[in-house]
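> First the structure, which I've put down as structure tokens, then a few questions once you've had a look.
Please treat every number below as a calculation from the coordinates, not as lab data. Every value quoted in this text rests on a predicted model; they were computed, and no experiment measured them. Quick reminder, even Gly has a Cβ in these numbers, built from the backbone with ideal geometry, and neighbours come from all protein chains shown.
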Amino acid sequence: MMTNSYLKPTPYINFDTSEVSAFAEEKAGNAADPVTQAVNLYYAVRDGIRYDPYAIDLTLEGMRASTTLKNGRGWCVAKAILLAACCRCRSIPARLGFADVKNHLSTERLRRQMQTDIFYWHGYTSIYLNGEWIKATPAFNITLCEKFSLKPLEFDGKSDSVYHPFDLKGNRHMEYIHYRGEYADLPLDAIIETFRRAYAPPDDEWRSADFDRDVKQETKT
């Protein structure tokens, strides 16, 4: 399988910036093994970048890997882009995967804004290791999982890391309802079109909302 297109920088997967390349080099570690490097990068993005579904900026600048790294937070697609950028920086082929999911982890504000529990174009990273494409989902950082009683998604570079259907209390967590494929770069226009049809436009209250504060209120922590 040709993987050259999954090794190049793009306007979104911009590992050809000093910030992203330095982050990737530091977090990959000293091991020569691509699997070990990919695992290290996965955890660096999963836990080093906070999950924030309020931090959605559907512009070129807003979706760049370098922007997510600078902000220290991002939603699932933004974190998947950053992980793909880090892998490509280390000459590990990576692409962006998408699926529609029914997500039972959200805040009251998010449920009210979306008016649905379906998250369209949920993003993950697909990484080419030992001749196979392996799914990696770095969205939920460990502290968020602890607050919502979720089993954290681990990644060993050998098997897919995808959302668990139930949380640690046995409640429904995540259901995959439609896969949208895997791409060499971000299909931003298609995502914007779906969001326009599926979700209400953000209002002033949404733009000033704080996800961390809402999580604290939701979980009483």
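> Describe numerically, in nm with one decimal, the distance between label points set 7 Å from Cα along Cα→Cβ at ASP189 and at SER149.
The answer from the label model is 4.6 nm.
> Still on this structure, I have one more. For the chain, modelled as a GNM with alpha-carbon contacts under 10 angstrom, which of ARG196, ARG109, ARG88 fluctuates the most?
ARG196
> Would the range 159-208 count as rounded, prolate or oblate if I go by the C-alpha gyration tensor, calling it rounded below 1.5 in a/c and otherwise prolate when a/b exceeds b/c, oblate otherwise?
Oblate.
> Once the piece of chain linking TYR176 and LYS216 is laid out straight, how much longer is it, given 0.36 nm per residue of separation minus the C-alpha distance between them?
11.7 nm
> Continuing with the same structure: Apply the Kirkwood formula to the range 4-219: the hydrodynamic radius equals the inverse of the mean of 1/r over all pairs of different alpha-carbon atoms; give it in Å with one decimal.
Mean inverse Cα-Cα distance, inverted, gives 17.3 Å.
> Then there's this: Which of the lysines could a cross-linker span from LYS27 if the Cα-Cα distance has to be under 30 Å and same-chain partners fewer than 8 positions apart are dropped?
Cα-Cα hits under 30 Å: LYS8, LYS70, LYS79, LYS135, LYS147, LYS151, LYS158, LYS216.
> Can you work out the Karplus-derived ³J(HN,Hα) for every residue in the range 143-159? Use 6.51 cos²θ - 1.76 cosθ + 1.60 with θ = phi - 60°, whole Hz, and x for glycine or proline.
Karplus-based 3J(HN,Hα) across the range 143-159 equals 5, 5, 4, 5, 5, 9, 6, 9, 7, x, 7, 8, 9, 10, x, 10, 9 Hz.
> Using a/c under 1.5 as the rounded threshold, could you call the range 93-221 rounded, prolate or oblate? The axes a ≥ b ≥ c are square roots of the C-alpha gyration tensor eigenvalues, and prolate needs a/b larger than b/c, oblate otherwise.
oblate
> On to the next question. Over 14 Å, how big is the tail of the calculated P(r) for the range 121-196, in percent of all Cα pairs?
Within the range 121-196, distances greater than 14 Å cover 68 percent of Cα pairs.
> Explain nothing, just compute: Karplus ³J(HN,Hα) = 6.51 cos²θ - 1.76 cosθ + 1.60, θ = phi - 60°, for every residue of the range 13-23 in order, whole Hz, x for Gly and Pro.
8, 8, 6, 7, 10, 4, 5, 5, 5, 5, 4
> In percent, how large is the relative contact order of the chain, given Cα pairs closer than 8 Å and 6 or more residues apart?
Reported as a whole number, the value is 23 percent.
> While we're on this one: More than 14 Å apart: what percent of Cα pairs in the range 1-73 qualify? Provide the component values of the computation, followed by the final result.
Working: 1740 of 2628 pairs.
Considering the range 1-73, 66 percent of its Cα-Cα pairs are separated by more than 14 Å.
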